[in-house]
Every structure is written in structure tokens, then in C-alpha cells.
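Chemist: Before we start, here is the structure in question, set down as C-alpha cells.
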């Protein structure tokens, strides 16, 4: 129990940004939180947090440990929900946000089945390729595709996601096929606008290390579906997820390039502002997505448009 309390306090401090804020949220003295963190660091033999009078930050080891702790606490919460939710009906309003293209294909089509299963839940779905501030904008949960750099939010991995650099055969016949990410500079690259979610650029493995490239092009857009359409029209290279382009690849409408430099998969996540006291409707929605996205047959089905 002491170990679990230490981990819970560590996650709370990382999320709140201070010992005091974590203590207030838990209703205990900051000194108690401090002793738990000290005991955790002593037991592990590493520093997890760098604390000064003005700020608190995670060490490299702390950031890695935080991700594992969030996943473990999420598994515990889901396990508890699975045995306690049987006699309780989910109710209330569920506010969800998701990327536009992914949301149209893989979130919105699941809503009817979820609301049919839970008739006392109402639901609002926001589709946007910008990074929505779920805390300040009042969302219960976000579905996000890609890396999860914001450690102040709690994320649950739902499935793997792989991205590919693609173009039409006609474009490649005209412009040539890039063999190295450095050659993207001479190609027409179709990119997401800077206010969209793909903020780190296109990921490739170069000399055994993942590198991010931010290619420039004449055309960019805040909507990934538009980039997909432009790519199919032969206007250039695009960096898209397999869930979006795999049927075009199978049909020969698109061709993957730079496969020798393909980055490892990132993830599809459900993101919530906090872990404690999640409403039942939120827990059930996350479990519902995990059930569908965790089934390999789901991704082989024809895409919903």
C-alpha cells in the first residue's frame, strides 16, 4: 500500500506541477507528499524530480517512470471499474474531442453503438486537427494520434499507429522517388499547418536514431483529410497514418516511400485531465474504444467515411 501511495503522489505532483497543489487535491499536508516522494526516490535509487523554491521539473528518469506509473494506475482503475460498474448505470453528458480525419473514420462511427448500450449518456463530439486544451475547454476525454509529450495529462494507449510517407505513382514518376529523408527538401511536401497537431514534423530513422523533419512546401492545410485528397491528386508527398492510406496502398492509388527509414509506431491514445474519480461514462467510453481498436479485424474492415 505504501508503494502505491508513493506512486500516486508522484503522478499527482507531476500532473499538478507542485507538491502543494498535489497535497491540496488529496487533502493532506505538503510534507506528507514530500516524504512519499523522498521515500520513492530512495527506494529506486534515482532522482525523479528536480525541486527548487520556484519550480519543479521531471528528470529524464522521472519522465520515463511517469509514463509507466500512469499506465499502471490506469490498469488498476480499469480493473476496479470492470468489477464495480455492473450494477451502476452510466449517465450524464460526455464531451469528446478527436482529430478530424481519424474522428470521422474511427470515432464517430462507434458513437451509435456506445449510446445504444448506455441510453442515459448524452454525447458531444468535437473534430479538430488543432491540439485542443481539454482542461480549459472542458472536455472529458480526447482521442489523440501520435506521440504524447504532455506529461501533465493522463493517457491510455488504445492501439499502435504507424505513419508512412506516400505519393501517387504519377507524382513519383514525374519527381523521382526520395531515397533518404534529406531529399525531401527538393520535393513538394503536403504538410499540416503549424496550429495542427503534427507539431514535431515527419519522423524517420536515420543512423539508428529517430529524427524529425519539418519539410516545407507550397501547400499546407489544417485538415489532414484535405492533405490526403491533395496527395491522391498527385500534388506531392504526404506523411499519413496507415489507417488512412492502407486501402489506397492496396489498390495502387498510393505508393509508400522511404520505407528503409520508417520510424517505429507511435500510438492512438485516450487522454483525460486526471485519473482520480473519472465518471463511469468516461471509463466505459475508454474501455469501449480499447475493445474495438484492440481487435486486429477492426482495422482490416473497409473505412468509414
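Chemist: For residue 283, work out the one condition from (1) over 21 Å from residue 114 (Cβ atoms); (2) assigned to a helix (DSSP H, G or I) it doesn't fulfil.
Modeler: If we test residue 283 against (1) over 21 Å from residue 114 (Cβ atoms); (2) assigned to a helix (DSSP H, G or I), just (1) comes out false.
Chemist: For segment 263-280, how many residues are at pLDDT 90 or above and in a helix (DSSP H, G or I)?
Modeler: Summing the residues that are at pLDDT 90 or above and in a helix (DSSP H, G or I) in segment 263-280 gives 0.
Chemist: Could you say which residue among 133, 129, 160 is at pLDDT below 85, surrounded by fewer than 18 Cβ atoms within 10 Å (Cβ to Cβ) and within 22 Å of residue 272 (Cα to Cα)? First the steps, then the outcome.
Modeler: Values: 129 fails: surrounded by fewer than 18 Cβ atoms within 10 Å (Cβ to Cβ); 160 fails: at pLDDT below 85.
Unique residue meeting the criteria: 133.
Chemist: Another question, then. Where in segment 178-262 are the strands (runs of 3 or more DSSP E), entirely inside, with at least 1 residues that are at pLDDT below 90, crowded, with 16+ Cβ neighbours inside 10 Å and not assigned by TED's automatic domain parsing to the domain that holds residue 131?
Modeler: Working: elements: 189-192, 202-206, 209-213, 237-241, 255-257.
Passing ranges, in order: 189-192, 202-206, 209-213, 237-241.
Chemist: Residue by residue through segment 242-276, note down the ones that are touching a strand residue (DSSP E or B) at 6+ places or on another chain (Cβ under 6 Å) and under 14 Å from residue 190 (Cβ atoms).
Modeler: Result: 245, 254, 257.
To keep it simple, each residue is scored yes or no on (1) in a strand (DSSP E or B); (2) touching a strand residue (DSSP E or B) at 6+ places or on another chain (Cβ under 8 Å); (3) assigned by TED's automatic domain parsing to the domain that holds residue 157.
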| position | (1), (2), (3) |
| --- | --- |
| 33 | no, no, no |
| 37 | no, yes, no |
| 47 | no, no, no |
| 50 | yes, yes, no |
| 54 | no, no, no |
| 69 | no, no, no |
| 74 | no, yes, no |
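The values are calculated or read from the model by the stated rules, or taken from the named source; none is laboratory data. Computed from a predicted model, the values in this text were never measured in an experiment. A quick note on method: Cβ atoms are made from the backbone with ideal geometry, for glycine too, and the neighbour counts reach across all protein chains shown.
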